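Here's the structure, in structure tokens; my notes come after.
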Amino acid sequence: MKRKHNLLLAASLIGAAGLFSSCGKKFLNTTPIGESLQSNYYSTPAQMVTAVAAMYNPLAWEVGGTDNTYIDKLGALNCGSDECYAGGGGPTDMIFWQVFNNYTMSGATGPQAGLWDRNYTGVNRAELVLENLNNAGLDAGTIARYQAEAQFLRAYYYFDLVREFGNIPLIMHTLSSSEIFNQVQVSPDTVYAAIEADLNAAIPVLPATVSAAELGRVTKGAAQALLGKVILTENNTARMLEAANDFEAVNSSGLYALYPVYGEIFDPANKFNSESVFEIVHTAAENSQWSTWPNMGGNVYAQMTGPRSYSGPIYWSGGWSFNPVMASLAATFYGDPRYSATIVNVDSLKTAGAASYTAGYANTGFFERKFAPLASEVSSTGQPELNFPNDYIEIRLADCYLMEAEALVRGGGDLSKAQGYLDAVRARVGLASIPATLPNIYQERVLELATEGHRWFDLVRTGQAATVLASKGFVSGKNEILPIPLVELNNTKLKQNPGYQ
């Protein structure tokens, strides 16, 4: 899916003015040649297909945004957690990640501009679809499906926003020019209520499965899993069994299964495998070049995590050494069967004479494996760094098993069922049963989901962040959320988050 569509329309341009992507400002008051304006768009089924593709498109953004740099949320979240350091070439390389790594973020510096831009662009595009469904001569079934997809995606984007920023504007329609600078923040509870309403509306309509040609489009299971995760994140103990029921709808549906070989879940050859509930697509098919920046479909995060100037097995030679795995995480994994599928000890390969590399900043010798830039996956066309095909599985079945186990324990539900789901995750990799207690479930999440972007959110929502991340500089009452991007405060009614003023 290409990032540039002929949906760079008036509403997308309005988004450029502040609450959405500022990279579109150059188009204001201009009629793009060969493109359509909102006033004469959305009038055919083909145009609505383009609009639907456009609302999915920000999911896969790796670069761009207000800062026109790397905005993949996986890298930023791993920096902020106790799993990885920022790394790279030095303490100012990808400064947006470095300041998340050591919790010195400000409104001007941090990963927030790209995250804000990506998600509000997605919200805007979903609302364009919702507001124009009846203008294109679509049949009732197609209208219903597009509406449900737009509701899911708006909920998804808002879920990221409220977890990342806490205090955000809740915009439920495309904005007129007179409204842009008058938006105000609402309480997180208000945002969560809107997210739940969208998901509850989408679930009965979304298909249980999609055809091979539609892989990447959302399903009922994805919406049920996301709803359960939303409720779990809201941390209302009285609603834990409600969350468990949402996960159970996925876990017992018969549509998903734990993939038999753990290390192959993340192999680009196994896209949309049995464990995938919601997957974000990347591809080398666009043959991206530096000149096409930021419009590319490859997984640039994979490139960023490889060792520098590398020679040896597994990786390709040109990585940038970001997100080196912390030695403490590697130590946690010793003896666990998932170790080799999660972490590569390149220093041990170097010591054995099997590899060489140049140590980057904050090097530990340990590198990520799940999204690694493999030598076998280097594209033969286009710029290799920009064309790795690794998908990102945003929600997978093992995650749903562990979230249901947690919800059941926290809500006083069926503990035998919680035990069964924890046991299933461990049995898949040949590990024996352990009691289904919250500490054991949380530790299993560390081992099962390491470097997949869940850890920082887990630490914050479970109240562990201040203790676990103290050595990185995390400040309780401040760093549970990111600062509002400084550019969004200019000439608006938005207020900076506490501690970042």
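The values are calculated or read from the model by the stated rules, or taken from the named source; none is laboratory data. For clarity, every value in this text was computed on a predicted model and none was experimentally measured. Cβ atoms come from the backbone with ideal geometry, glycine included; neighbour counts cover every protein chain shown.
Could you list all residues from segment 239-292 that are over 21 Å from the mean Cα position of the chain (by Cα) and among the charged types (D, E, K, R)?
Residues satisfying the conditions are ARG239, GLU242, GLU248, GLU286.
Can you pull out every residue in segment 423-479 that is among the β-branched types (Val, Ile, Thr) and under 16 Å from ASN101 (Cα atoms)?
THR451, VAL460, THR467, VAL468, VAL475
Pick from LEU422, LEU494, LEU486: which is surrounded by fewer than 18 Cβ atoms within 10 Å (Cβ to Cβ) and either assigned by TED's automatic domain parsing to the domain that holds PHE96 or more than 21 Å from the chain's Cα centre (by Cα) (or both)?
Just a single option satisfies the conditions, and that option is LEU486.
How many residues does segment 320-339 contain that are surrounded by fewer than 18 Cβ atoms within 10 Å (Cβ to Cβ), among the small types (Gly, Ala, Ser) and more than 19 Å from ARG455 (Cα to Cα)?
1
How many residues are more than 24 Å from GLU406 (Cα to Cα) and surrounded by 18 or more Cβ atoms within 10 Å (Cβ to Cβ) if we restrict to segment 444-478?
2
Taking the condition of being out of contact with any Lys or Arg (no Cβ under 9 Å at 6 or more places or on another chain), hydrophobic (A, V, I, L, M, F, W, C) and free of Cβ contacts under 8 Å to residues at least 24 places away in the same chain, how many residues in segment 415-445 meet it?
4
Quick check on segment 171-195: of everything there that is outside any helix (DSSP H, G or I) and among the aliphatic types (A, V, I, L, M), which residue is farthest from ASN491 (Cα to Cα)?
Checked segment 171-195; the qualifying residue farthest from ASN491 (Cα to Cα) is MET172.
Scan segment 43-92 for residues that are part of a loop (DSSP other than H, G, I, E, B) and among the polar types (S, T, N, Q) and jot them down.
Narrowing segment 43-92 to residues part of a loop (DSSP other than H, G, I, E, B): 43-44, 61-62, 65-68, 71-72, 81-83, 85-86, 88-92.
Passing the criteria: SER43, THR44, THR66, ASN68, SER81, THR92.
Hey, among the residues in segment 287-304 that are more than 20 Å from GLU83 (Cα to Cα), out of contact with any Ser or Thr (no Cβ under 6 Å at 6 or more places or on another chain) and of a type in the set (A, V, I, L, M, F, W, C), which one's surrounded by the most Cβ atoms within 10 Å (Cβ to Cβ)?
It comes out as TRP293.
Yes or no: segment 305-319 includes at least one residue that is buried (at least 19 other Cβ atoms within 10 Å of the Cβ), in a helix (DSSP H, G or I) and on the phi < 0 side of the Ramachandran plot.
Yes, segment 305-319 contains a residue that is buried (at least 19 other Cβ atoms within 10 Å of the Cβ), in a helix (DSSP H, G or I) and on the phi < 0 side of the Ramachandran plot.
For SER187, all conditions in the list (1) under 21 Å from ALA223 (Cβ atoms); (2) surrounded by fewer than 17 Cβ atoms within 10 Å (Cβ to Cβ) hold save one; what is the number of the exception?
(1)
Counting only residues that are on the phi < 0 side of the Ramachandran plot, not polar (S, T, N, Q) and not in a helix (DSSP H, G or I), which one in segment 115-170 is surrounded by the most Cβ atoms within 10 Å (Cβ to Cβ)? Outline the logic, then answer.
Filtering segment 115-170 for residues on the phi < 0 side of the Ramachandran plot gives 115-136, 138-165, 167-170.
Now narrow it down to the ones that are not polar (S, T, N, Q): 115-118, 120, 122-123, 125-131, 133, 136, 138-141, 143-146, 148-150, 152-165, 168-170.
Those left that are additionally not in a helix (DSSP H, G or I): 136, 138-139, 168-170.
Numbers: ALA136: 19, LEU138: 17, ASP139: 8, ILE168: 26, PRO169: 20, LEU170: 19.
Per the stated criteria, the residue is ILE168.
Could you say which residue among ALA330, ALA269 is in contact with a strand residue (DSSP E or B) (Cβ under 6 Å, 6 or more places away or on another chain), assigned to a helix (DSSP H, G or I) and without any contact (Cβ under 8 Å) to a residue 60 or more places away in the chain? Break it down into steps so the answer makes sense when it comes.
Numbers: ALA269 fails: in contact with a strand residue (DSSP E or B) (Cβ under 6 Å, 6 or more places away or on another chain).
Exactly one residue qualifies, and that residue is ALA330.
Across segment 308-367, what is the number of residues that are within 20 Å of ASN101 (Cβ to Cβ) and of a type in the set (Asp, Glu)?
0
Has segment 393-402 got any residue that is outside the structural domain of VAL99 (by TED's automatic domain parsing), in contact (Cβ under 8 Å) with a residue 24 or more places away in the chain and more than 23 Å from ALA222 (Cβ to Cβ)?
Taking every residue of segment 393-402 in turn, none turns out to be outside the structural domain of VAL99 (by TED's automatic domain parsing), in contact (Cβ under 8 Å) with a residue 24 or more places away in the chain and more than 23 Å from ALA222 (Cβ to Cβ).
Taking segment 370-405, which residues are in a helix (DSSP H, G or I) and within 27 Å of THR437 (Cα to Cα)?
LEU397, ALA398, ASP399, CYS400, TYR401, LEU402, MET403, GLU404, ALA405
Can you find a residue that is aromatic (Phe, Trp, Tyr), within 17 Å of the chain's Cα centre (by Cα) and under 19 Å from LEU469 (Cβ atoms) anywhere in segment 161-170?
Among the residues of segment 161-170, at least one is aromatic (Phe, Trp, Tyr), within 17 Å of the chain's Cα centre (by Cα) and under 19 Å from LEU469 (Cβ atoms), which makes the answer yes.
I'd like to know if segment 134-145 contains one or more residues that are at pLDDT below 95, farther than 26 Å from GLU275 by Cα and not small (Gly, Ala, Ser).
Yes: one or more hits.
In segment 340-369, what count of residues is obtained for those that are among the polar types (S, T, N, Q), surrounded by fewer than 18 Cβ atoms within 10 Å (Cβ to Cβ) and in a helix (DSSP H, G or I)?
3
Check off (1) in contact with a helix residue (DSSP H, G or I) (Cβ under 9 Å, 6 or more places away or on another chain); (2) buried (at least 17 other Cβ atoms within 10 Å of the Cβ); (3) of a type outside the set (Lys, Arg) for ASP414 and give me the number that stays unchecked.
Every condition holds for ASP414 apart from (2).
When you check TYR401 against the structure, is it among the hydroxyl-bearing types (Ser, Thr, Tyr) and farther than 16 Å from LEU232 by Cβ, yes or no?
no
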